[in-house]
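Step one of this worksheet: look at the structure below.
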Amino acid sequence: MDRRVLLVALGLAGLGAVAPLLPSYPLTLLTQALVSAIFAMSLDLLLGYTGLPSMGHAAYFGVAAYTVAILAVEAKVGFFACVLAALVAAGVAAALFGLLAIRATGTYFLMITLALGMVMWGLAFRWVSMTKGDNGISGVPRPELALPWDLSAPLPFFYFALAGTALAWLGLGLLVRSPFGMSLKGIRESESRMRSLGYNVWLHKYLAFILSGVFAGFAGILWAYYNGFVSPVDVQLVTSVEALLMVALGGSGTLVGPAIGAALIVFLKNFVSVYTKRWLLILGAVYIGVILFAPRGIVGALRGEAARGES
């Protein structure tokens, strides 16, 4: 077994073993960190593996969350139907946005994704009849599954989120290690070389865009059921920027890095916000520090130190 896979599996098992010993507040933070880890890993499929830095990734997260909220609260639809509908909605949104964004590169791609993300925020804020505007949709019930535990309690839902995180990590891991994932890395390094080798670069980038949106939607589903409330905050620019910061802090081009970055940002944000309302300035300072002193993120810095130690 790959050492990294073993370490991640041990880490997830360790979280599961420690969880019953934790008070409710740290347990809720860990649940938030797990959901954010899926969201950050989905963005890293674009940023770290394909070389496409998106500023509108919260759109797919929010589309899935709103789909769950509307169906579960308004239509009283069951869990599995909500999940399927939300994943399809996130995938369709990513497919439509990808048609507009993928043909651009560099700064232009970044700005298009930013504009598309702002469009989704505007819809969430203004389409009051569907989204309830800035009041949001509250009362999203926890899933009712054939389990001996009630998911309305913090600990059972933590295990539910942990299982979802393990599933997302496994799916993304298989994806990035597949021939398709290897071709994405090649596109990240040199698009012209991959074209000369006969690869359809546009199609590969487009499929990566859609798959990234679907995994972001999966995180949005868990968030809607965890939080019980969905609002335009879930699709705003700050949510996308936080995901970028998680990837940059942990280390892009890995799946472990964004998960580590997500945990650090979630705990830092909740800690700092107790003392000041200007916690976004603190996060901005953290981002600048990462870019200056650890441009490859925590995982990249650790790998560099390990390589120097071996040489």
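The values are calculated or read from the model by the stated rules, or taken from the named source; none is laboratory data. These figures come from a predicted structure and were not determined experimentally. We place every Cβ from the backbone using ideal geometry, glycine too, and count neighbours over all the protein chains shown. Please note that ligands, DNA and RNA were not included when accessible areas were found on the heavy atoms of the full protein model with its side chains. Shrake-Rupley method; radii C 1.70, N 1.55, O 1.52, S 1.80 Å.
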In whole Hz, the Karplus estimates of ³J(HN,Hα) for the range 59-66 (6.51, -1.76, 1.60; θ = phi - 60°; x where Gly or Pro) are 4, 6, 4, x, 4, 5, 4, 5
The rounded separation in angstrom of the Cα centers of the range 38-74 and the range 232-282 is 14 Å
Note on the chain: contact order normalised by length, alpha-carbon pairs under 8 Å, 6 or more apart, percent, works out to 32 percent
A 1.4 Å probe over the protein heavy atoms gives the chain a carbon and sulfur accessible-area percentage of 69 percent
With the charge dipole of the chain built from beta-carbon charges (+1 for Lys and Arg, -1 for Asp and Glu) about the Cα centre, the Cα from PHE267, ILE112, TYR60 projecting farthest to the positive end belongs to ILE112
Sorting ALA216, LEU155, LEU170 by the position of each Cα along the dipole of the range 155-246 (Lys, Arg +1; Asp, Glu -1; all at Cβ), the one nearest the positive end of that ordering is LEU170
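Skip the ligands, DNA and RNA, and give the accessible area per residue of the chain with a 1.4 Å probe, whole Å². Don't jump to the answer; show the numbers that get you there.
On the way: 15100 Å² over 311 residues.
Spelled out: the 1.4 Å probe surface of the chain, per residue, equals 49 Å².
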Here the FRET efficiency for SER24 versus VAL88, based on Cβ atoms and R0 = 45 Å and rounded to 0.05, is 0.85
Once both label points are put 7 Å beyond Cα along the C-beta direction, the LEU167-THR276 separation in nm becomes 4.0 nm
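Sort the following peptides by mean Cβ neighbour count (other Cβ atoms within 10 Å, averaged over residues), highest first: 220-226, 193-199, 26-32. The partial results should precede the final answer.
On the way: 220-226: 26.7, 193-199: 12.1, 26-32: 19.1.
The densest-packed peptide leads the list: 220-226, 26-32, 193-199.
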Filtered hits (lysines, Cα-Cα < 29 Å from LYS132, offset >= 8 within chain) -> LYS76, LYS269, LYS277
Here the FRET efficiency for ARG195 versus LEU302, based on Cβ atoms and R0 = 35 Å and rounded to 0.05, is 0.55
Calc'd 3J(HN,Hα), the range 271-278, phi into Karplus 6.51 cos²θ - 1.76 cosθ + 1.60 (θ = phi - 60°), Hz, glycine/Pro = x, comes to 6, 5, 5, 5, 9, 8, 7, 9
Any residue on another chain or 5+ positions along whose placed amide H is under 5 Å from the amide H of PHE229 is listed here as VAL140
Treating only Lys and Arg (+1) and Asp and Glu (-1) as charged, each at its beta carbon, one finds that the chain has a dipole about its Cα centre, in Debye to the nearest 20, of 520 debye
Quick shape check on the range 1-129: root eigenvalues a ≥ b ≥ c of the Cα gyration tensor, a/c under 1.5 is rounded, otherwise prolate if a/b tops b/c, else oblate, and it reads oblate
Label model pair PHE125, THR107: point-to-point distance (7 angstrom along the Cα→beta-carbon line) in nm is 2.5 nm
The extension gain from LEU10 to GLU144, computed as 0.36 nm times the residue separation minus the Cα-Cα distance, is 45.4 nm
Note to self, the chain gives a 222 nm [θ] from helices alone (DSSP H runs n ≥ 4, -39500 (n - 2.57) apiece, / all residues, nearest 500) of -24500 deg cm²/dmol
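Compute the signed sum of charges (Lys and Arg +1, Asp and Glu -1) over the other residues within less than 14 Å, Cβ to Cβ, of GLY106. Please report the intermediate quantities before stating the final value.
On the way: positive: ARG103, ARG188, LYS205; negative: GLU191.
Neighbourhood net charge equals +2.
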